[in-house]
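K.L.:
This is the structure, below, for whatever I ask next.
The values are calculated or read from the model by the stated rules, or taken from the named source; none is laboratory data. From a predicted model like this one, the values you see are computed outputs, not experimental measurements. In this analysis, Cβ positions are derived from the backbone assuming ideal geometry, glycine residues included, and neighbour counts consider all displayed protein chains.
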Amino acid sequence: MVKKLEKKLNSDAMKVRPESLHPYNKLVKAIEGFKISIPFIVELKHPAVMERHWRRIMDETGKDLGDINLKTITLSKVFELELHLH
């Protein structure tokens with residue numbers, strides 16, 4: 001998706017540098033963060049990860065997700081931790 005956007009912006013008709021557009025930069029940053037976070041997310045799915053581990057992760061990231069229910073935690077909650085920054 002990013003590559004298609006970049007190609008379109010670099011076409012002769014537009015000649016816009018994608019890096020100069022805030023939405024483009026935001027999209028690239030989000031995708032890079034997601035790619036970095038994938039291995040962490042896979043590890044967090046492991047059955048040995050318990051509530052106390054989530055508490056430690058929240059302490060380390062400085063984010064509070066409230067009460068953790070391991071059966072109902074969502075991917076959006078995991079993204080709130082911004083694991084790629086830690």
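K.L.:
Touching a helix residue (DSSP H, G or I) at 6+ places or on another chain (Cβ under 9 Å), modelled with pLDDT under 90 and exposed (fewer than 10 other Cβ atoms within 10 Å of the Cβ): is that true of Leu75 in this structure?
P.N.:
Spelling it out, Leu75 is indeed touching a helix residue (DSSP H, G or I) at 6+ places or on another chain (Cβ under 9 Å), modelled with pLDDT under 90 and exposed (fewer than 10 other Cβ atoms within 10 Å of the Cβ).
K.L.:
Under 6 Å between Cβ atoms, at least 6 apart or on separate chains: pull out the pairs that start in segment 52-79 with a residue that is closer than 21 Å to Glu32 by Cβ and end on any residue that is surrounded by 15 or more Cβ atoms within 10 Å (Cβ to Cβ) and hydroxyl-bearing (Ser, Thr, Tyr).
P.N.:
none
Residues checked against (1) modelled with pLDDT of 85 or more; (2) surrounded by 10 or more Cβ atoms within 10 Å (Cβ to Cβ); (3) not in a helix (DSSP H, G or I):
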{"site": "Val42", "(1), (2), (3)": "yes, no, no"}
{"site": "Ala48", "(1), (2), (3)": "yes, no, yes"}
{"site": "Arg52", "(1), (2), (3)": "yes, no, no"}
{"site": "Ile57", "(1), (2), (3)": "yes, yes, no"}
{"site": "Glu60", "(1), (2), (3)": "yes, yes, no"}
{"site": "Lys63", "(1), (2), (3)": "yes, yes, yes"}
{"site": "Leu70", "(1), (2), (3)": "no, yes, yes"}
